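**Q** Dumping the structure here so I can ask a few things about it.
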Amino acid sequence: MNRSGRVRIAELCANPPADNTVVTVNGWVRANRAGKHHSFITLNDGSTLAGLQLVLNAEQFPDYPSLCRITTGTALRATGVVVATPDGQQPIELQLTELIVVGESDPTYPLQKKRHSFEYLREIAHLRPRTNTFGAVFRVRSAMAQAIHHFFATRGFLYVTTPIITANDCEGAGELFRVTTLAPTSSAPVSEDFFAAPTGLTVSGQLEGELFAQAFSDIYTFGPTFRAENSNTARHAAEFWMIEPEMAFADLHDDASLAEAFVRELLDHALTHLPDDMAFFDRMVAPGLCDRLLKVSQTPFERIDYSDAIRLLERAPVNFTYPVSWGVDLQTEHERYLCEQVVGGPVFVLNYPRAIKAFYMRDNDDGKTVAAMDLLVPGVGELIGGSQREERLDRLDQKLASAGIDPRALWWYRDSRRWGSTPHAGFGLGFERFLMYLTGMENIRDVIPFPRTPRHAEF
Ligand code: 4AD
Ligand code: MG
């Protein structure tokens, strides 16, 4: 079957053709209300939240009784004349002249009219894109990926794809998934493995991104990221997507300014260009969402020092599960308290203790902290992690040594500090965390098409 002449429902609703225009649509049945003389079929093709109403007139279809039995989930190709429906949910409906059942659906189709829980829909992740919520989630995901490329393109950032298979553990947290072609039972030395070196799936493209920033000034990556951390939370996935910009000739405050512009512009983009899907989330998932995000998009973000954040947490009238004192890493409960209770919006926490941060972050002059930043947002906690990088080779070598990293393994990274090293900075934004913040969806499993989490790699 060819697709010629087919129009998308989004296009029909956005620019309704004149009455009596003949159009053809393809899609899947969401509902069929059949009567003696007429059937009303709601058809959805994924291009928009809205379904298009198809009207079947019994007199025009000799096989009307069998068409009445078309069930939810059936794939149809429908041709009909456009009729304006000023009082309807959609601007138009189609009075059908021709109807082809492309793919039948039997009554065991799991997506019936009632509302299903997100937990249940995760078990049928192959079908959930056909629901209103997941239709909206994945349209927004697609549009935001394009908006992200646009944001950087208009600022002259080079898009660089960094390796997925790598021999470096950028974050030093030992969360690499191993990549090997040796049999699990093999006792062969690593020299016989495919790469003749221990390799894994990347936890971050940052180190390679830094190399490109030292040539192209401003770059970003946007790619899949893998972490074998065994945390079964609503905010962690073993496979997620990260956007990592890196700027040469830039310090921590330039970094925070870029991160702020990035988040605020993306929110604005979603509210402006995806009004129907955003209104859906506001209505069905997180009441007040659009007003909240609009305000965030229009208001400068707060910035506080880690040391001040600790003082605020120590004074908080809350019993945290993890006790707080200078030197501890912030847990999600602390992060959420800071942005939800103290600030009431996004907040940058700057200058964390050196001991809890990765080797590449630049030492501050106080001898205790590094030029690190996290952006915390309500509902999610850490949305962005970034830093100014240690560009001084002698300091970098000290930091590698104290992190127990063999400098020979990162000889190329060290080289970037030898010839024309510049102050530089960057950050990583977790795409799924951003989508959670944007849509109000509360579980990371519900903003990625096929989630990978401990013991879950189905689909
Ligand atoms: O804070 P992280 O670990 O920072 C880095 O990887 C740096 N190399 C980034 C850089 O400076 N270029 O991770 C960055 C962001 C986090 O703030 C979070 O949004 C997301 O990545 N993230 C995760 N998202 C989903 N599941 C996980 N397991 C995540 N781990 C981190
Ligand atoms: Mg982090």
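Any read-out appearing in this document is the output of simple, stated calculations on the displayed coordinates, not a laboratory observation. Here the structure is a predicted model, which means the values were calculated and not measured. Methodologically, a virtual Cβ is constructed for each residue, glycine included, from the backbone with ideal geometry; neighbour enumeration extends over all protein chains shown.
**Q** Please tell me the relative contact order of segment 387-429 in percent, rounded to the nearest whole number, where contacts are Cα pairs under 8 Å and at least six residues apart.
**A** 62
**Q** So if each residue of separation counts as 0.36 nm, and I subtract the Cα-Cα distance between Arg408 and Gln89, what length gain in nm does that give?
**A** So the extension gain works out to 108.3 nm.
**Q** Over its Cα atoms, what ratio of radius of gyration to 2.2 N^0.38 Å does segment 86-148 give?
**A** With N residues counted in segment 86-148, Rg over 2.2 N^0.38 Å equals 1.50.
**Q** Length gain on complete extension for the stretch Lys295 to Thr71, per 0.36 nm per residue less the alpha carbon to alpha carbon distance?
**A** Numbers: separation 224, 0.36 × 224 = 80.64 nm, distance 4.36 nm.
Additional length available on full extension: 76.3 nm.
**Q** Can you give the charge dipole size of segment 158-210 about its Cα centre, rounded to the nearest 20 debye, using +1 on the beta carbon of Lys and Arg and -1 on the beta carbon of Asp and Glu?
**A** 160
**Q** Normalised by the residues of the chain, what does the relative contact order come to in percent, with Cα pairs under 8 Å and at least six apart?
**A** RCO, the chain: 13 percent.
**Q** Go through Pro287, Leu313, Val343 and say which Cα lies farthest out towards the positive end of the charge dipole of segment 273-372; charges sit on Cβ, +1 for Lys and Arg, -1 for Asp and Glu.
**A** So the residue we want is Leu313.
**Q** Once you wrap a convex hull around the alpha carbon atoms of segment 308-459, what is its projected area averaged over all directions, in nm²?
**A** Result: a mean projected hull area of 11.8 nm².
**Q** Express in whole angstrom the spacing between the alpha-carbon centres of segment 385-459 and segment 143-172.
**A** When both Cα centres are located, 11 Å separates them.
**Q** Something else: To the nearest µm²/s, what D does Stokes-Einstein give for the chain at 37 °C and 0.692 mPa s, using the Kirkwood radius over alpha carbon pairs as Rh? Each step should come with its number before you reach the end.
**A** Details: Rh = 25.0 Å.
Estimated via Stokes-Einstein, D reaches 131 µm²/s.
**Q** Which residue, chosen from Ala14, Ile384, Thr369, occupies the Cα position most advanced towards the positive end of the dipole of the chain, where the dipole is computed from +1 (Lys, Arg) and -1 (Asp, Glu) charges on Cβ about the Cα centre?
**A** So the residue we want is Ala14.
**Q** Taking only the alpha carbons of segment 194-329, what extent do you get along each of the three principal axes, in Å, biggest first?
**A** Answer, in whole Å and largest first: 54, 43, 35 Å.
**Q** Grab the eigenvalues of the alpha-carbon gyration tensor for segment 1-141, scale each by 5, take roots, and send me the semi-axes largest first in whole angstrom.
**A** After scaling each eigenvalue by five and taking roots: 24, 19, 13 Å.
**Q** Report the local net charge at His116: Lys and Arg +1, Asp and Glu -1, summed over other residues whose C-beta lies under 14 Å from its C-beta.
**A** Values: positive: Arg30, Lys113, Lys114, Arg115, Arg122, Arg128, Arg130; negative: Glu119, Glu123, Asp446.
So the surrounding residues net to +4.
**Q** Three principal axis extents, largest first, for the C-alpha atoms of segment 70-206, in Å?
**A** Largest first, segment 70-206 extends 70, 46, 29 Å along its Cα principal axes.
**Q** Taking a quarter of the surface of the Cα convex hull of segment 259-340, what do you get in nm²?
**A** Orientation-averaged projected area of the Cα hull: 6.8 nm².
**Q** Could you estimate the translational diffusion coefficient of segment 4-61 from the Stokes-Einstein equation, with Rh from the Kirkwood formula over C-alpha pairs, at 4 °C and 1.567 mPa s, in whole µm²/s?
**A** Translational diffusion coefficient: 106 µm²/s.
**Q** Based on DSSP, what percent of beta bridges with both residues in segment 15-97 are antiparallel, to the nearest 5?
**A** 90
**Q** Sticking with this one: Picking from Asn44, Gln214, Ala259, whose Cα lies most toward the positive end of the charge dipole for the chain (charges on Cβ: Lys, Arg +1; Asp, Glu -1)?
**A** Asn44
**Q** If the only charges are +1 at each Lys and Arg Cβ and -1 at each Asp and Glu Cβ, what is the size of the charge dipole of segment 265-359 around the Cα centre, to the nearest 20 debye?
**A** My answer is approximately 320 debye.
**Q** Mean shadow of segment 125-236, computed from the convex hull of its alpha carbons, in nm²?
**A** Taking the Cα atoms of segment 125-236, their convex hull projects to 10.3 nm² on average.
**Q** Then there's this: About the Cα centre of segment 284-329, how large is the charge dipole given +1 on each Lys and Arg Cβ and -1 on each Asp and Glu Cβ? Please answer in debye to the nearest 20.
**A** Once rounded to the nearest 20, the dipole reads 140 debye.
**Q** I would also like to ask the following. Fully extended, how many nm does the chain gain between Arg33 and Asp106 (0.36 nm per residue separation, minus their Cα-Cα distance)?
**A** Gain in length upon complete extension: 24.6 nm.
**Q** For segment 53-114, what are the per-bin percents of Cα-Cα distances with bins 10 Å wide, up to the bin holding the maximum?
**A** All Cα pairs considered, the percentages come to 20, 44, 34, 3.
**Q** Could you tell me which chymotrypsin sites (Phe, Trp or Tyr not before Pro) in segment 378-438 are loop residues by DSSP with no more than 10 other beta carbons within 10 angstrom of their beta carbon?
**A** Here the sparse-neighbourhood loop sites are Trp419.
**Q** Once whole DSSP H runs in the chain are found, which of them have Cα atoms spread over 30 Å or more along the helix axis and a mean Kyte-Doolittle score of at least 1.0?
**A** Correct list, ordered by number: empty.
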